[in-house]
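K.L.:
Below you'll find the structure I mean.
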Amino acid sequence: MPADSGLSWNLLSDIDQMWKLDSMVNAYRAGTIVAVLAAVVGWFVVLRRQTFVAHTVSLAGFPGAAAAVFLGVSASWGYFGFCIGAAAVIAALARSGKGGMAEESALTGIVQSFTLACGMLFVALYKGFLNGVNSLLFGSFLGVTPGDIAVLAVVAVVVLLAMALIGRPLLFASVDPAVADARGVPSRTLSLLFLVLLGATAAEVSQITGSLLVFALLVMPAATAQRITARPGRSLVLSVVFALAVTWFGLGAAYFSPYPIGFWITTFAFGCYLLANLYGFAARWRGAGRRQVAEALGVS
Amino acid sequence: METMTAVDAVDAVNAVNTDSEAAAALLDGASRVCNAGNEPVAVVELRGASASVAGRTLWGGVDLTVECGEFVAVLGPNGVGKSTLVKVLLGVLPAATGEVRVLGHRPGTAGAQIGYLPQRRSFDASLRIRGIDVVRLGLDGDRWGIPLPGTGRFGGAKRREAEARVREAIELVGASAYAHRAIGECSGGEQQRLLIAQALVRKPRLLVLDEPLDSLDLPNQASVAALIGRISRSEDVAVVMVAHDVNPILPYLDRVVYLADGGAASGTPEEVITTETLSKLFRTPVEVLRASDGRLVVVGGPEAPVMHSDRHAGALVGGDRRATDGRVTDGRAADGRAMDRRVADGRAMDRRATDRRPAGSEADDAR
Ligand SMILES: Nc1ncnc2c1ncn2[C@@H]1O[C@H](COP(=O)(O)OP(=O)(O)OP(=O)(O)O)[C@@H](O)[C@H]1O
Ligand SMILES: [Mg+2]
């Protein structure tokens, strides 16, 4: 965190100041790419109730990045390699059968603890590495290079294109696997492919929020959006909007405060989720009230 | 005493009388002409079909022809392989022997013309997607591309057409009032109606419904049965429906298939649901009673007979078996202890379906 940053009395000039820093502009670019990707893939994660798998795959980024740093290559190789690798392991070992990944919680748990153990091994191997562990786990936004942004953008475009191609059958297979199967939708292939796409997404998100706080972008915006509306199109768009807002505000707050980016993004996302729940209660209460009035008036 | 248990086992008492409707439906059926296609191709044709799962033959010798617009029930005790028959029709599982044609093709190749409702499906309460979206997935969910219903402007006519079709299907099943709620928040019966709409939305020529009346209360069973019967007539859709209780659908039925362990009987309800046929099929005394209001009550446990070898390929299996294997039947009938045990445990039938014992072991126990 830049030591001399901090809010003065003039917010606009502060923001102006922030935009003059290349590192902040790069952070915003990376954050925007990651937010859009996470919101779309996360929407399916929430719908398919695969948050445990998502968490496991994201955690694999921690040993991945630690290994990459230990070997002296870019952390981003470690993120992508390990996240996609963990997804592939889960996909390969998952028994074919009904219920998607819901039954695979034991397998997922096993993979998760093994990846964490690997992470600790790499930390132990690399003695003077302790500072970095924090940002691997809880995120950092400094030091994003134009090269990183290019990689993030290319991977995001590939994943989003794949999602656009398989989106509808994947939705069908997620909501209604038996009927989708009978219709000839290759639901098992789709769910395996989705796992790999999820791995790539988790690797991207980890680089902003840290491995532990991936849910802040991958799950919270989508869960918030689905809480607000049950219309698939709208909730998908809302999910992207929330993820972008949370990321942008989170980056700003992290710049002007001494606290890590992961904390801010998670806090804002959690705030949105609480508000959405309040909204849900209010809507239901209003609906119930209207129904009572209608009953009292004898119309239905 | 035996009677009481058996009634418990088959449970055919709860039903709603719809005799006049039945008469109307039958008349209607007789004069119905199938207009789909020029040459009459049977919607479903099974010839000497049998199915085995994990190396075990479930049923065999099934001969069945379903013409278009006909309403056929698949009956039989738990675990006998009713859902397996459905899977064979859908092409998810190959038949072990015999020939199976669906809409004139190999099973599994005419998926778009088949509406399917799997058994016991209820959506998680937290699933935030509307009923109308689930129905819409039945229309074009298998198409590659973005899941969103077209976002205006582009392809507007096609989108409107699709939306109209979805609305029509929802109206047909009377689900308009709750189609816009999240499906997880709908009641079991409401979900069932929406799922029937989903199965219907492509105007299929064959509806395959696996226990659609499951989890519905009696009035809803009657009304969903009536709905399916009506759709079968008005849309000329052939219906193959798995059911536990024949009574709610009896008025609309053209044909039934009764599956028993190893064998099967098919024909009109009048032919199949009789004391003689069912006794032969289950190789144990079964009595079919007709209540004054037309309901059928099957008395006597259709307990899974236990020998899997020595199968007959006819539509009706087990007729000769009883003569050679009379020991089992007699032993049961004469043996008070065996009966008592069954009375004490109302679910004896379920248990037996899962834990099959070697032939005659029960009779041997009794000695
Ligand atoms: N994948 C499978 N592997 C092994 N056995 C199976 C499999 N699927 C079904 N079975 C067995 O096949 C038999 C028939 O199953 P099926 O689901 O067709 O029964 P059913 O008649 O539909 O029963 P119910 O009335 O309970 O729905 C059962 O004994 C079941 O245990
Ligand atoms: Mg079944």
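The values are calculated or read from the model by the stated rules, or taken from the named source; none is laboratory data. In this text, all values refer to a predicted model and were calculated from it rather than measured experimentally. Positions of Cβ are generated from backbone atoms using ideal geometry, with glycine treated the same way; all protein chains shown enter the neighbour counts.
K.L.:
From the list B:Arg128, B:Arg143, which residue is outside any helix (DSSP H, G or I), at the interface with another protein chain (Cβ under 8 Å from one of its Cβ atoms) and surrounded by fewer than 17 Cβ atoms within 10 Å (Cβ to Cβ)?
P.N.:
B:Arg143
K.L.:
Here's a follow-up. From the list B:Ala182, B:Ala243, B:Ala222, B:Ala169, which residue is of a type in the set (A, V, I, L, M, F, W, C) and within 16 Å of ligand 2 (Cβ to nearest atom)?
P.N.:
The conditions single out B:Ala243.
K.L.:
Of all the residues that make up the range A:213-254, how many are outside any helix (DSSP H, G or I) and in contact (Cβ under 8 Å) with a residue 40 or more places away in the chain?
P.N.:
Within the range A:213-254, the subset outside any helix (DSSP H, G or I) is A:214, A:219, A:229-231.
So of that shortlist, the ones also in contact (Cβ under 8 Å) with a residue 40 or more places away in the chain come out as A:214, A:219.
The total comes to 2.
K.L.:
Follow-up question, since we're still on this one. Tell me whether the range A:175-184 contains one or more residues that are closer than 29 Å to A:Gly250 by Cβ and within 14 Å of another protein chain (Cβ to nearest Cβ).
P.N.:
Within the range A:175-184, not a single residue is closer than 29 Å to A:Gly250 by Cβ and within 14 Å of another protein chain (Cβ to nearest Cβ).
Yes or no, residue by residue, for (1) touching a helix residue (DSSP H, G or I) at 6+ places or on another chain (Cβ under 7 Å); (2) among the charged types (D, E, K, R); (3) part of a helix (DSSP H, G or I):
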{"site": "A:Gln112", "(1), (2), (3)": "yes, no, yes"}
{"site": "A:Val144", "(1), (2), (3)": "yes, no, no"}
{"site": "A:Ile149", "(1), (2), (3)": "yes, no, yes"}
{"site": "A:Val157", "(1), (2), (3)": "no, no, yes"}
{"site": "A:Pro169", "(1), (2), (3)": "yes, no, yes"}
{"site": "A:Ser174", "(1), (2), (3)": "yes, no, yes"}
{"site": "A:Gly184", "(1), (2), (3)": "yes, no, no"}
{"site": "A:Leu195", "(1), (2), (3)": "yes, no, yes"}
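K.L.:
A further question follows. Looking only at the range A:143-171, count every residue that is farther than 24 Å from A:Phe194 by Cα and surrounded by 15 or more Cβ atoms within 10 Å (Cβ to Cβ) and tell me the total.
P.N.:
Number satisfying all stated conditions: 1.
K.L.:
Only one of B:Gly98, B:Gly104, B:Gly79, B:Gly115 is within 16 Å of ligand 2 (Cβ to nearest atom) and either surrounded by 23 or more Cβ atoms within 10 Å (Cβ to Cβ) or at pLDDT 85 or above (or both). Can you tell me which?
P.N.:
Values: B:Gly98 fails: within 16 Å of ligand 2 (Cβ to nearest atom); B:Gly104 fails: within 16 Å of ligand 2 (Cβ to nearest atom); B:Gly115 fails: within 16 Å of ligand 2 (Cβ to nearest atom).
That would be B:Gly79, the only listed residue that is within 16 Å of ligand 2 (Cβ to nearest atom) and either surrounded by 23 or more Cβ atoms within 10 Å (Cβ to Cβ) or at pLDDT 85 or above (or both).
K.L.:
Which residues, counting only those in the range B:72-125, are part of a helix (DSSP H, G or I) and either facing chain A (nearest Cβ under 10 Å) or within 16 Å of ligand 1 (Cβ to nearest atom) (or both)?
P.N.:
Those that are part of a helix (DSSP H, G or I) and either facing chain A (nearest Cβ under 10 Å) or within 16 Å of ligand 1 (Cβ to nearest atom) (or both): B:Lys82, B:Ser83, B:Thr84, B:Leu85, B:Val86, B:Lys87, B:Val88, B:Leu89, B:Leu90, B:Gly111, B:Ala112.
K.L.:
Restricting to the range B:82-93, name every residue that is modelled with pLDDT of 90 or more and out of contact with any Pro (no Cβ under 7 Å at 6 or more places or on another chain).
P.N.:
Matches in the range B:82-93: B:Lys82, B:Ser83, B:Thr84, B:Leu85, B:Val86, B:Lys87.
K.L.:
Could you identify the single residue in B:Gln198, B:Gln191 that is within 14 Å of chain A (Cβ to nearest Cβ), within 26 Å of B:His105 (Cβ to Cβ) and away from ligand 1 (no atom under 16 Å from the Cβ)? It would help to see each step written out before you state the result.
P.N.:
On the way: B:Gln191 fails: within 26 Å of B:His105 (Cβ to Cβ).
Being within 14 Å of chain A (Cβ to nearest Cβ), within 26 Å of B:His105 (Cβ to Cβ) and away from ligand 1 (no atom under 16 Å from the Cβ) holds for just one of B:Gln198, B:Gln191, which is B:Gln198.
K.L.:
Further question on the same structure: With touching a helix residue (DSSP H, G or I) at 6+ places or on another chain (Cβ under 7 Å), surrounded by fewer than 24 Cβ atoms within 10 Å (Cβ to Cβ) and closer than 14 Å to A:Leu197 by Cα as the only criterion, which of A:Val69, A:Val89 stands out?
P.N.:
Testing whether each residue is touching a helix residue (DSSP H, G or I) at 6+ places or on another chain (Cβ under 7 Å), surrounded by fewer than 24 Cβ atoms within 10 Å (Cβ to Cβ) and closer than 14 Å to A:Leu197 by Cα leaves just A:Val89.
K.L.:
Can you find, within the range B:48-71, the residue that is nearest to ligand 1 (Cβ to nearest atom) among those that are touching a residue at least 12 places away in the same chain (Cβ under 8 Å) and outside any strand (DSSP E or B)? Steps first, answer last, please.
P.N.:
Restricting attention to the range B:48-71, the residues satisfying the condition of being touching a residue at least 12 places away in the same chain (Cβ under 8 Å) are B:48-53, B:56-71.
Add one more test, that the residue is outside any strand (DSSP E or B), and what stays is B:67-70.
Numbers: B:Glu67: 24, B:Cys68: 25, B:Gly69: 25, B:Glu70: 21 Å.
Taking the candidates together, the pick is B:Glu70.
K.L.:
Which is touching a Cys at 6+ places or on another chain (Cβ under 8 Å) and either within 24 Å of A:Gly210 (Cβ to Cβ) or modelled with pLDDT of 85 or more (or both), of A:Pro63, A:Pro2?
P.N.:
A:Pro63
K.L.:
On to the next question. For the range B:201-209, check the following and say yes or no: at least one residue is within 16 Å of ligand 1 (Cβ to nearest atom), buried (at least 24 other Cβ atoms within 10 Å of the Cβ) and closer than 22 Å to B:Leu172 by Cβ.
P.N.:
yes
A quick yes/no check of all residues on (1) of a type in the set (D, E, K, R); (2) touching a Pro at 6+ places or on another chain (Cβ under 7 Å); (3) outside any helix (DSSP H, G or I); (4) surrounded by fewer than 24 Cβ atoms within 10 Å (Cβ to Cβ):
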| site | (1), (2), (3), (4) |
| --- | --- |
| B:Ile231 | no, no, no, yes |
| B:Asp236 | yes, no, yes, yes |
| B:Val239 | no, no, yes, no |
| B:Asp245 | yes, no, yes, yes |
| B:Pro251 | no, no, no, no |
| B:Tyr258 | no, no, yes, no |
| B:Gly262 | no, yes, yes, no |
| B:Ala265 | no, no, yes, no |
| B:Glu270 | yes, no, no, yes |
